[in-house]
Amino acid sequence: MTYVPPAHAQALDADRCIVEGIRGAGKSFWWAALNSEPHRRHIARAFPDAHLSDAIIVKQGFGAASGSLDAPSQDVLAALLAKRFTPRTIWRAVVARQLDFQKPFPRIGARGIEPWEARTAWVRDNPESFDEMLMACDRGLSERTQRILILFDALDRLAETWQEIRPLAKGLFQVTQDLRSTRNIRLKLFVRPDMLEDKMITGFPDASKLLGRRASLTWRKVDLYALFFQCAGNASTGGTVFRKLSGDILGNRRWSQTDGIWTLPADLRSDEKVQEKVFEAIAGTVMSASPTGLKRGKPYKWVVNHLQDGRDQVSPRSFCEALRLAAQRSRDDFEDSDLPLHYKALQAGVQAASRVRVDELVNEDYPWIQLVMDPLHGNLSVPCPPQDIMNLWLQGGVIDSLTEHLNSGGAAVKLPPQHLDEREEGVLRDLTELGLMQTLSDGRIQMPDVYRIAFGLGRRGGVKPLK
C-alpha cells in the first residue's frame, strides 16, 4: 500500500548514477527494492519513467545487508586498505567480481590469501587485462541487449571514521564515473547530501559530470500527505470510513482498487487545496482551541513546517511518526473532540517525531552531536548569534573534550565532525551542513523544530522543548 512519489522514478533510472537523500528518505528502501526481482517487475510496470526493463541485471556492490562473498564488508575493506591497496583498485575488483570475470581473474583465494585480497591484487597487477575483460563484457551485453546495474548503499558504513570513509567513497565515485564510458555497465550510489558536499570525496576531475545528473529522493508536502492518505485509505481499521469521508469531499473522483489495494484519486495525490480540505476534515482548520486562532497556523501546513530540517527536507519516517502518535493521543486524551486529530495531539506528535529523529542521528550516526548539544540544553533560545553557542562550548571546554574522545577512539566519536580542526567554528559548520542549524540572512543561527525540541532549546512562541 506504500505510496511512491513520481519524482522518485527518476532515481531508479540506471543512468542516474548518484541518488541523494536524507536519512529516512528511502535510499535503503529503493536499494532493497531494486535488488528484488518481483519488486523490480512491479516498479517497471508502475513507473515507466524508471526505464527498468527485464534486460537490466541488478547486482549488489555494497550495502548494510550485503555479505562478503560477492561484495566486501566493512571489515574486509579495512583489511584491504591495511595491505595498501588503493580504494579505486578495490572497487574495480568489486566490479570485476559482479561482472563475473573469468580466469585468470581469481574467483577464490589461494593458500594463505583471502579471496578479496587475491582479486584486488590481480586488478592492481593486470590493468590492461582488466580493461580488455571489461570491454569484452560490455560488448557481450550489447549483443544480448542487456545491461548490468551494480548498487551501493550505506556509504557512511564503509568504515568507522571519516578519515577512512572519505578515500573509499572518493575511489567509488571515481570508478562510477570511469564506467560511464561503457554502454551497458552502470553503478548506482545511494548517498546522503553531506557526503556529496564533502570536497574530500567529490573533489576529482569530471566529478561535475557525475553529480550534474544526480537524482534526489525529496518528499514534497503533497507527497507526504499522499503517503498518509494512501495508508489511511488502506487501514484495516477506519479505512472504509476515511475513503467515504474523502470521497464525499472529492465528489465524483473516487478511490479505485487493484489486487486488493486501494489507490487514492489523482487530486488527492497532487492537489494541495484538495489535500488541505480533506485534512481539515480530520484535524480542523487552526492549531488552536479558537476558530479564529489562525496566527498559530493551519494544521495542514503546520505539521510539515515543524518537521523540516535545515535543508527544508522532511523525512516520511518523521512525518508518519508524528501523525501516528497524534492519532493515538487524540484517541486516549481527547475522546470528546469532534476531530480524529486534535491540535494538541499534533503538537505532541511533532515532539515525539523530534525525539525519534534525534535518537537516530545521535545513536546511529553521529554520537558526538550529543556532546556538543548537551551544554546548550535549557541554556539557549534560538535564533541567536553564533557567538552565544560558541561561548557555551568554550565555557564547558566542549571541543577539547570531544578531541580527547576522538584521539582515544571512544564510541562517542564514531563518525566525528569533519571540520574539528577549525574548533568551535568548524563544529558549527558541521552542524549546519548536517541540517541541524541554519544561518539566517542577518547572521543569527536558527535550529529547526525537528531538532530544537528534542535538544531542549527554546524559541519564543514555539513548541515547548522536551525536558
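Results, tabulated for the structure shown:
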| item | result |
| --- | --- |
| Total lysine pairs whose alpha carbons fall under 18 Å of each other in segment 267-399 (8 or more apart, or interchain) | 7 |
| Directionally averaged shadow of segment 4-67, computed from the convex hull of its alpha-carbon atoms, nm² | 4.5 nm² |
| Dipole of the chain [Lys/Arg +1, Asp/Glu -1 at C-beta], most positive-end residue of Gln163, Leu217, Ser246 | Ser246 |
| Extreme residue, positive dipole direction of segment 292-430, given options Leu339, Val304, Val356 (C-beta unit charges) | Leu339 |
| Separation in nanometres of the label points that stand 7 Å from Cα toward Cβ, at Ala79 and Arg331 | 5.0 nm |
| C-alpha center-to-center spacing [segment 255-320, segment 356-410] in angstrom | 33 Å |
| Cβ-defined net charge surrounding Gly397, 12 Å radius [Lys, Arg +1; Asp, Glu -1] | -2 |
| Segment 145-174 versus segment 211-249: alpha-carbon centroid distance in Å | 32 Å |
| Heavy-atom accessible area per residue - the chain, 1.4 Å, Å² | 47 Å² |
| Tail weight of P(r) past 22 Å, computed on alpha-carbon pairs of segment 1-126, percent | 46 percent |
| P(r), alpha carbons of the chain - 20 Å bins starting at zero, rounded % | 22, 48, 28, 3 |
| Neighbour net charge for Phe229 - beta-carbon separation under 15 angstrom, K R +1, D E -1 | +3 |
| The chain: DSSP helices with Cα axial extent of at least 20 Å and average Kyte-Doolittle hydropathy no lower than -1.0 | 127-143, 162-178, 316-333, 343-360 |
| Share, in percent, of DSSP beta bridges within the chain that are antiparallel, nearest 5 | 30 percent |
| Cβ charges +1 (Lys, Arg) and -1 (Asp, Glu), total dipole of the chain, debye | 1020 debye |
| Share of carbon and sulfur in the accessible heavy-atom surface of the chain [1.4 Å probe, %] | 49 percent |
| Within straight-line cross-link reach of Lys170, lysines at Cα separation under 21 Å, skipping those fewer than 8 residues along the same chain | Lys27, Lys59, Lys83, Lys188, Lys199, Lys209, Lys414 |
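The values are calculated or read from the model by the stated rules, or taken from the named source; none is laboratory data. As the structure is a prediction and not an experimental result, all values here were calculated from the model. Note: ideal-geometry Cβ built from the backbone for every residue, glycine included; neighbour counts use all protein chains shown. Keep in mind that these areas ignore ligands, DNA and RNA; they rest on the heavy atoms of the full protein, side chains included. Shrake-Rupley method; radii C 1.70, N 1.55, O 1.52, S 1.80 Å.
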